[in-house]
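Let me begin by presenting the structure, written as structure tokens, before commenting on it.
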Amino acid sequence: MSVPELLNHVLHTDLPRSVQIFAPELVLCVTIIALLLVRMLKWHHKFPTSWVALFGTLAAFVGVFAQFMYMKTGGELPQMRELFEFWGLTQAGVGTAGEYFTGLLVHDPFAVFFRLGLVLFLVLVQALTILTGIPDQEDGQDFYTLMIGATIGMMLACGANNLLMLFMAVEMMSVPSYAMVGFLKGRRLSSEAALKYVVYGAGIAGVMVYGVSLLAGVLGTLSIPELGSRFELLMGDQPFSLTNPTAVATALGIMLVVVGLAFKLSLVPFHFWCPDAFEGASAEVGGFLSVASKAAAFALLVRFALAFQGSGEAIQTLCLIFGISLGVVSCLSMTLGNLAAYTQTNLKRLLAYSTIAHAGYMVMAISALMVLLSGSADPVDSAACVEGLMYYIAVYLFMNLTAFAVVAFVRNETYREDIEAYNGLSAGGPMTKLLCFCLLIAFVSLVGLPPMGGFFGKFAIFASALKAGSVHWFLWVVLAIGGLNTVFSLFYYLKVLRAVFILPSADESRTVEIPGFNGAYVALITLPILALGMSWVMGDLTATAHDVAAYLFH
Amino acid sequence: MDPVGLSGYLTVGAVLFVCGVICMATKRNAVGVLMGVELVLNGANINFVAFSRHTALGLDGQIASLFVIVLAAAEAAVALAIVLNFYNNHLTIDVDRAVELKG
Amino acid sequence: MENLLFLIYAIAACGGAVGVALSQNVVRMAFWLVISLASVSGLFFMLGADFVGATQLLIYVGGTVVLLIFGVMLTTTGPYLAIKTNPAEMIQASVVGVAFLGVVLSTVTAVDWSGNRATLEHAGLVSRPGSYYQQGEGNTSRQIGTALLGVRFDQMEQGAAASDEAAHGHHHDGHTHADHAHGNHAHGAADHHHETISASPRVGSGYLLPFEIVSVHLLVVLIGASYLARAKRRVEQAA
Amino acid sequence: MLLAASSIADMLSTQTTSGWLPVFVAAVVHVALVGAFFGLPAGIFIWAERKISGRIQDRLGPTRVGGRFGWLQSLADGVKLLQKEDLIPAQADAFLFRVSPYIVVVAAFMAFMFLPFSSGLVAVAMDIGLFVALAVLSLEVLGVVLAGYSSGSKWSLFGGMREAAQMVSYEVPLGLTAVIPVVLAGSMNLTDIGNMQAGWASNWFIFHDPFSFLAFFVFFTATLASNKRAPFDLAEAESELVAGFLTEYSGFRWSLFFLAEYAAMFFVSGLATILFLGGWWTGFAPLDNWLASLASSCWQGDYIVRVIGMKVFLTKSAILVCVQIWIRWTLPRLRIDQVMTTCLKYLVPIACFLFIGVVVYPLVLLTVLGRTTLLPGTGPFAEPIGERVPVPVVRQPIETASAVVDGPAAVTTEEH
């Protein structure tokens, strides 16, 4: 390729396509600038900065939604034609899956699905913060800048196709999160939580980048999809063994990268920051971190894991080891998360441990995926793992947000977050009753009982683990532990529900009144949990997840 | 190729990495821990640049190390702001004295 | 000559790192860190990465470390803050650290780097040898500059060679190494997927996106840091 | 001496076959040269400062040592300082206290390695010379902070902190304005930037366009501040902080700080000369042309041209240093918050604006006037920006030999 050809290709083919796909993220960037300008020009006295943020995020959401629908329907949806045209979507751009930005990011239904979820979640959390008023009028632009900045990082994570982008995405979503955890800067707990989070987070990020450097050096590339094939090429016919330095160096690199991702997912040996950070941070930030940063990290883990598939003996052994180690981590996370949650007295801390446990359930899907890949399984089975994970994350988004939203609203009324403060909550006014009911639904779904969305997510993941068990028996052990854990988890969720519905309030005279808007908001985000469990939406989501996952494996 | 070879550089990188990890594990001063982080990142950077010279990685390694430097600077800025904030609230930056969050 | 220079820099870098780990005074740690990082930049110059070396000096040594020293000075209460490290903890950490060092070193020194490179070269996966340090050794700023603008002139010939070879491979034998040359979708189980990729020529990965997006990141981080570090406007009621 | 050095390097690198000896000798000679350039200006400018300040304050200044002008005064001062006792306060962190002057000196000294005194007369010729030079110069702040901290005195600590804050902040406008000549020249190589400005003075980058004209002054202000010169000498504000981070230092170590300060003054003046004021070119096109032709026409012509260029360069830089001294004794000192406000609220936005302006300016001119310069098409100043006096210097041998001061680059190529 000659120089003009290269320039032509980059300028006229790659860049327009990239910008078209990247437009929602660019809208978010513009929103950040707009927020700062509003503050600088002192317009925030005329209208709140939160509305600027919400408007920008909504625009980005519409953009990703248009992309999603375009990909799903192939651009042939007459009702949305104007929308497609507004965002300039074309068949060669958004319509075609593949790499963009000269191979740094990859555009496929999987990435679009996760980006859609993330922006939707950002809209919901921003609505929540507007209702609870956690960043006040003066600090609004700082808070939303951090939140949107972190989200841009997460959206990059969904499409990361390059080890540099992987590291960069992790940094971009972590560093603003550190600041967000410490956002209540006058409070001792908040600053302590932020300190712990940043100290551990920075350390693990360093370890991770060392792993990236090893991996990149051994395999001679930064491109994630090439990793597996290069490893296969280098190993040739040699089996995977601990005496082969190339294999060990690669495994070491993978291990260190997975450590970095496991930290973001708060999986067990690297979970210690999670309860502290969630307890110290405000409930809104806790909700944001518990869902968004996890979803992004799972997207990264899936991409990273999928790079190592192949038909050679060495790479299959590598996959198996990878899968089983993730299985062990999954067992540990589920068990420890659920057991530790039982003794908690602070509801945010309890939810943090519940998050750890749920990360354990979700990583089970990836463990199963890797084990399946090591046995040259049917792509349909492998796709089922990712499908289950996606379904789970979609439901988890709503149920965790509901739980944290309830914590935030109750805190605004009672100024307390310990479980005792919830005693007799259901005796309050009608909106409070609605709130309690929503909490019930969210918790039942978090446990994974049948009519709710959470059940079907968990069911899908367990089913794929069952299938993977036929490749290696260890997955059956993981599955059994997962089942047991579901039973454990029932108790501590019930403990909270008992406080809410059965125990009498300590102070009978004062009942908690939740403002109408807040109740309506919680009801709105609870509805999808029900809908995803027992309506046609569920079938829709399953089908979408199925198509998306199948695309990764065809 | 230069006579030192790749392993010399990788050794330096590994020593920096391990010293950084030891530093993170043993220091109680939050700023001390951050210095450990910087060492770890530099260990990785030496790897990147050495690989970029000697292996198939090529210029990508150098660019990766550039971004690592920039991101590390950003991280250090936020970390220090958090440390200052912690100091304002607790009058210490001893990590071991951050014990109010327990459970 | 070269070995000597390497030894000087390497010993200074490692010595500085050990100094950071062993020192009990935070400011001395910072001093050792400066020594270590500056020597690392010397190593970068030796590796022909002059731009990275200069960046290391400007941003790391001249920026980040100064920031860290600021942090120390703003947060020390006594005149010389000595941090006592629990000796048992130190020994524990050192043992684990040295063990890990052993693992890493035994691995990386044992890897057959030239052999691996040759394998990859054989598969057409390596940009032409000596792509950036061929002429005018160490002058990497132009290549880095164009790479950050999204164009990789240094990988151009590789791209051409790879696509030629790939086209070749498809005609004769679908399972040659050429399959891997199209790293975009290395798991090339499905053939029709391959074709969509082949339609777009393989260009080296330009780094326009990270170069631009990191500015947004820096802006966000700057705002976060300034929010946290600026004086409290008022005492929060909740505290 | 310079002539000799260049010749040695060239001769040895071309005539000797064995590998390391010529580069070693060349390295030694280069280091000696840079050392001379590092030490000499300090001596001269300390004397100059005393004389000029004396005149400004309507007195004579030193008159005794070395005759009527007191030109040996600096030497006498040096001898006096060396005789003084080297005190280390009991409160000080002795190790850091001892070591920090050396950091400052090393930083200032190393910066000279990248500064070309004339076309090709540079210890380390690098493509990114400007970038490295600024990077190295920025290390000076570490020595200052450590000196302030390790003295164990609150005056020193405050002085060091202020100094660090000031230097780090002023690096931003300094860097932004230093990039403007880079944009104009399309290169970060200081030698190339200098050679681009041959010909009439209208070719100097300061006169390139209104934005670069202003940029020079911003650059000069920023260098004043980053060198902690008045009116930005907050670190050593005698009335508030005794002598800032220097309070506890005496004798030899104190003189090292002083040496570094004057060397850095000279260095930034030299940088300003290269970036904006035509470097080693006279600014008079016929003369430059004649020099250029001389290089190839007579025996050792290029060396002669280099030495002449060096004289021009040194003269320009010395004038700038004198301006710095003049400013110091004329303007009152700013308060620390005013210093920071000047930087962050004024200089940084101005520098950003100038940078954008310089990029946009030729485009605007091109659309409006159809050419990229305001200057009319005829007359003595008609030298178009694009055409230059041919660069007379064969840079190759020196570059190869001198690269060794820094690293292995040249050696490796030779060995293959």
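Screening residue C:3 with (1) modelled with pLDDT under 90; (2) within 27 Å of residue B:73 (Cβ to Cβ) gives one miss only, at (2). Scanning region A:3-27 for residues that are of a type in the set (S, T, N, Q) and facing chain C (nearest Cβ under 8 Å) returns A:13, A:18.
Taking residue D:206, is it crowded, with 19+ Cβ neighbours inside 10 Å, over 16 Å from the mean Cα position of the chain (by Cα) and of a type in the set (Val, Ile, Thr)? So that I can check it myself, show each step before the final result.
Details: crowded, with 19+ Cβ neighbours inside 10 Å: yes; over 16 Å from the mean Cα position of the chain (by Cα): yes; of a type in the set (Val, Ile, Thr): yes.
Yes: the conditions hold for residue D:206.
Of the listed requirements (1) touching a Cys at 6+ places or on another chain (Cβ under 9 Å); (2) under 26 Å from residue A:363 (Cβ atoms), residue A:533 misses just one: (1).
Checking each residue in region A:339-366 for being within 19 Å of the chain's Cα centre (by Cα) and among the β-branched types (Val, Ile, Thr) picks out A:355, A:356, A:363, A:366.
When region A:129-141 is filtered for residues that are touching a Pro at 6+ places or on another chain (Cβ under 7 Å), within 13 Å of another protein chain (Cβ to nearest Cβ) and crowded, with 16+ Cβ neighbours inside 10 Å, only A:140 remains. Among the residues in region A:32-47, are any under 25 Å from residue A:122 (Cα atoms), among the aromatic types (Phe, Trp, Tyr), assigned to a helix (DSSP H, G or I) and within 33 Å of the chain's Cα centre (by Cα)? Checked against the condition, which is being under 25 Å from residue A:122 (Cα atoms), among the aromatic types (Phe, Trp, Tyr), assigned to a helix (DSSP H, G or I) and within 33 Å of the chain's Cα centre (by Cα), region A:32-47 yields no hits at all. Residues in region D:111-120: is at least one crowded, with 16+ Cβ neighbours inside 10 Å, facing chain C (nearest Cβ under 9 Å), within 21 Å of residue C:64 (Cβ to Cβ) and under 26 Å from the mean Cα position of the chain (by Cα)? No, region D:111-120 has no match at all. Residues in region D:48-106 that are surrounded by 18 or more Cβ atoms within 10 Å (Cβ to Cβ), in contact with a Leu (Cβ under 9 Å, 6 or more places away or on another chain), aliphatic (A, V, I, L, M) and more than 14 Å from chain C (Cβ to nearest Cβ): D:105 only. Looking at region C:1-23, can you tell me whether even one residue there is surrounded by fewer than 24 Cβ atoms within 10 Å (Cβ to Cβ), among the polar types (S, T, N, Q), more than 11 Å from chain D (Cβ to nearest Cβ) and over 22 Å from residue D:174 (Cα atoms)? Within region C:1-23 (the criterion being surrounded by fewer than 24 Cβ atoms within 10 Å (Cβ to Cβ), among the polar types (S, T, N, Q), more than 11 Å from chain D (Cβ to nearest Cβ) and over 22 Å from residue D:174 (Cα atoms)), the answer is no, since none of the residues qualifies.
Taking the criterion of being touching a residue at least 60 places away in the same chain (Cβ under 8 Å) and closer than 22 Å to residue B:7 by Cα, the residues of region A:228-243 that qualify are A:231, A:235.
Residues are listed down the side, and each one gets a yes or a no for (1) closer than 30 Å to residue D:337 by Cβ; (2) not small (Gly, Ala, Ser):
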{"residue": "D:107", "(1), (2)": "yes, no"}
{"residue": "D:119", "(1), (2)": "no, no"}
{"residue": "D:125", "(1), (2)": "no, no"}
{"residue": "D:132", "(1), (2)": "no, yes"}
{"residue": "D:138", "(1), (2)": "yes, no"}
{"residue": "D:150", "(1), (2)": "yes, no"}
{"residue": "D:173", "(1), (2)": "yes, yes"}
{"residue": "D:177", "(1), (2)": "yes, yes"}
{"residue": "D:185", "(1), (2)": "no, no"}
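Please list, ordered by residue number, the helices (runs of 4 or more DSSP H) wholly in region A:195-282 having 2 or more residues that are under 16 Å from residue A:167 (Cα atoms) and of a type outside the set (A, V, I, L, M). Even if it seems obvious, please write down each step before you answer.
Working: elements: A:224-235, A:245-265, A:273-280.
Ranges flagged: A:245-265.
On the stretch given as region B:15-50, residues that are within 18 Å of residue C:56 (Cβ to Cβ) and either free of Cβ contacts under 8 Å to residues at least 12 places away in the same chain or more than 10 Å from chain A (Cβ to nearest Cβ) (or both) total 3. Scanning region D:131-162 for residues that are of a type outside the set (Phe, Trp, Tyr) and away from chain C (no Cβ under 11 Å) returns D:147, D:156, D:159, D:162. Counting only helices (runs of 4 or more DSSP H) wholly contained in region D:65-179, the ones carrying 2 or more residues that are in contact (Cβ under 8 Å) with a residue 40 or more places away in the chain and in contact with a Lys or Arg (Cβ under 9 Å, 6 or more places away or on another chain) occupy D:94-112, D:140-150. For the residues A:67, A:79, A:126, the requirement of being buried (at least 23 other Cβ atoms within 10 Å of the Cβ) and farther than 29 Å from residue A:307 by Cβ singles out A:126.
Residues that are without any contact (Cβ under 8 Å) to a residue 60 or more places away in the chain and either outside any loop (DSSP other than H, G, I, E, B) or β-branched (Val, Ile, Thr) (or both): does region A:505-519 have at least one? Checked against the condition, which is being without any contact (Cβ under 8 Å) to a residue 60 or more places away in the chain and either outside any loop (DSSP other than H, G, I, E, B) or β-branched (Val, Ile, Thr) (or both), region A:505-519 yields no hits at all. For region D:291-341, a tally of residues being more than 16 Å from residue D:121 (Cβ to Cβ), among the polar types (S, T, N, Q) and assigned to a helix (DSSP H, G or I) returns 6. The lone criterion from (1) surrounded by fewer than 24 Cβ atoms within 10 Å (Cβ to Cβ); (2) more than 9 Å from chain A (Cβ to nearest Cβ) left unmet by residue B:9 is number (1). Considering the conditions (1) at pLDDT below 90; (2) surrounded by 18 or more Cβ atoms within 10 Å (Cβ to Cβ); (3) within 30 Å of residue C:147 (Cα to Cα), residue A:49 is excluded by exactly one of them, (3). Picking from residues in region C:67-86 that are over 30 Å from the mean Cα position of the chain (by Cα) and under 17 Å from residue D:92 (Cβ atoms), the one that is modelled with the highest pLDDT is C:76. Can you tell me how many residues in region C:30-51 are more than 7 Å from chain D (Cβ to nearest Cβ), free of Cβ contacts under 8 Å to residues at least 40 places away in the same chain and out of contact with any Lys or Arg (no Cβ under 8 Å at 6 or more places or on another chain)? Residues in region C:30-51 being more than 7 Å from chain D (Cβ to nearest Cβ), free of Cβ contacts under 8 Å to residues at least 40 places away in the same chain and out of contact with any Lys or Arg (no Cβ under 8 Å at 6 or more places or on another chain): 12 in total.
The values are calculated or read from the model by the stated rules, or taken from the named source; none is laboratory data. What you see is a predicted model; the values in this text were computed from it and never measured. For neighbour counting, all protein chains shown are included, and Cβ atoms are generated from backbone atoms with ideal geometry for every residue, glycine included.
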